[in-house]
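To start, I am sharing the structure in question, which I have written as structure tokens.
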Ligand code: ADP
Ligand code: MG
């Protein structure tokens, strides 16, 4: 019905999907791995499973159709439609199949074995990302976001819990997940007041001003800061304080964790954490930023210095100590 469709585009939700929704019992086709809960949000549980016919591993996202007494099937259909739209993008998690159960929908997703980048963001500095890792992973995140923005999708919930890794040690590639808050921004209709996670939310969201692709770019600025330092730059003691920090752009660029970095890293972050959405760098511009260019611009001398600095604490020994300590 055309009326329903125009309603959906006004709210920025897609309402048509290509995947066929399977109504057979999920357990006929997949076995859930006992005790393997990969994550959970407010309305979803994600569990590791194995496809019986192929033996392949997947992540099954079980989503309740009713939330707080409201039918949310439309929102789930939108999430599926966005995953389909991004099927050709390597940086977005792949959707394998969809099942519908009496009270849930199940999205069978490509399994990202490395888990959330959140874990490395909050790790002790010696286990955390190195600047070179952050540059590579951010480039990949930006490739995914550039693809989405080109297709008029804004994610609106970019944070370390929604960026996964294909593997750890060696560090793999990123997969963007969770399109539950994402919206279409094409039809020059204004979208306001969709609330992501306080720490990563842009000033315009707090002020009920129009949301755009620039809203994601703010979150990427926060993400870059957290990945490089382990510090959440706007986090206050409570939500109120966090919101105040964001709207005043109360951020410290004087942290010692930042001093160690290429100055271009700070320039990169500053090009995103700008109050006016139209003044922020776009994903395409970020990909061209000097900090993220591939070529090694360190002189050989600087590289030597870096090497000797990082080997001043002999790594194998410290690794051995920590694994021994763990055993004790
Ligand atoms: P929610 O909307 O509830 O936040 P998400 O899609 O973000 O749901 O999934 C919740 C968590 O489940 C993620 O933060 C992640 O830890 C885990 N997860 C989600 N998808 C996958 C996947 N494809 N592979 C591995 N883990 C996943
Ligand atoms: Mg999530």
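FYI, it's all coordinate maths here, none of it is from the lab. Keep in mind it's a predicted model, so treat the numbers as computed, not measured. Here the Cβ is made from the backbone with ideal geometry for all residues, glycine too, and neighbour counts use every protein chain on show.
Out of every Cα pair in the stretch 47-205, what percent are spaced more than 23 Å from each other? Walk me through the intermediate numbers first.
Values: 5437 of 12561 pairs.
Distances greater than 23 Å cover 43 percent of the Cα pairs.
Output needed for the stretch 156-197: three equivalent-ellipsoid semi-axes, defined as square roots of 5 times the C-alpha gyration tensor eigenvalues, in descending order, whole Å. It would help to have the intermediate numbers written out before the result.
Numbers: eigenvalues 167, 24, 7 Å².
They are 29, 11, 6 Å, listed from largest to smallest.
Moving on to the next point. Please arrange 183, 67 by how many other C-beta atoms lie within 10 Å of their C-beta, fewest to most.
Working: 183 22, 67 13.
Fewest-to-most Cβ neighbours within 10 Å comes out as 67, 183.
Under a crude label model (7 Å from the Cα following the beta-carbon direction), how far is residue 247 from residue 24 in nanometres?
5.4 nm
Let me ask something additional. Bin by bin, in steps of 10 Å, what percent of the Cα pairs in the chain do you find, going until the bin that has the longest distance?
Final binned percentages: 5, 23, 32, 24, 12, 3, 0.
Convert 37 °C to kelvin, take the viscosity as 0.692 mPa s, use the Kirkwood radius over C-alpha pairs of the stretch 147-236 as Rh, and evaluate the Stokes-Einstein diffusion coefficient in µm²/s, rounded to a whole number.
Working: Rh = 13.9 Å.
Stokes-Einstein gives a translational diffusion coefficient of 236 µm²/s.
Another question, if that's okay. Semi-axes of the stretch 247-291's equivalent ellipsoid from the Cα gyration tensor, sqrt of 5 times each eigenvalue, largest first, rounded to whole Å? If you can, show how the numbers build up before the last one.
Numbers: eigenvalues 73, 54, 4 Å².
In descending order, the three semi-axes are 19, 16, 5 Å.
In what sequence do 49, 15, 89 fall when counting other Cβ within 10 Å, fewest first?
If I rank by nearby Cβ atoms, fewest first, I get 15, 89, 49.
Can you bin every Cα-Cα distance in the stretch 25-120 into 10 Å intervals starting at zero and give me the percent of pairs per bin, rounded to whole numbers?
Reading upward from the zero bin: 15, 47, 34, 4.
Percent of Cα-Cα pairs per 10 Å bin, from 0 to the last occupied bin, for the stretch 5-80, please list those.
Going out from 0 Å in 10 Å bins, the stretch 5-80 shows 16, 39, 33, 10, 1 percent.
Relative to the compact-globule scaling 2.2 N^0.38 Å, provide the ratio for the alpha-carbon radius of gyration of the stretch 190-286. It would help to have the intermediate numbers written out before the result.
Numbers: Rg = 12.9 Å, N = 97, 2.2 N^0.38 = 12.5 Å.
Here the answer is 1.03, to two decimals.
I need the per residue convex hull volume for the stretch 78-131, using only the alpha carbons, in cubic angstrom as a whole number. Kindly include the intermediate steps, with their values, before the conclusion.
Details: hull volume 6.8 nm³, N = 54.
Cα convex hull per residue, to the nearest whole number: 126 Å³.
Per-residue ellipticity at 222 nm for the chain, helices alone: DSSP H runs ≥ 4 residues times -39500 (n - 2.57), over residue total, nearest 500 deg cm²/dmol?
On the way: 13 runs with 122 residues, N = 328.
About -10500 deg cm²/dmol.
Here is a follow-up. When the label point is put 7 Å from the Cα of residue 36 along its Cα-to-beta-carbon vector, which residues of the stretch 53-79 have a backbone N closer than 16 Å?
It comes to 53-62, nothing else.
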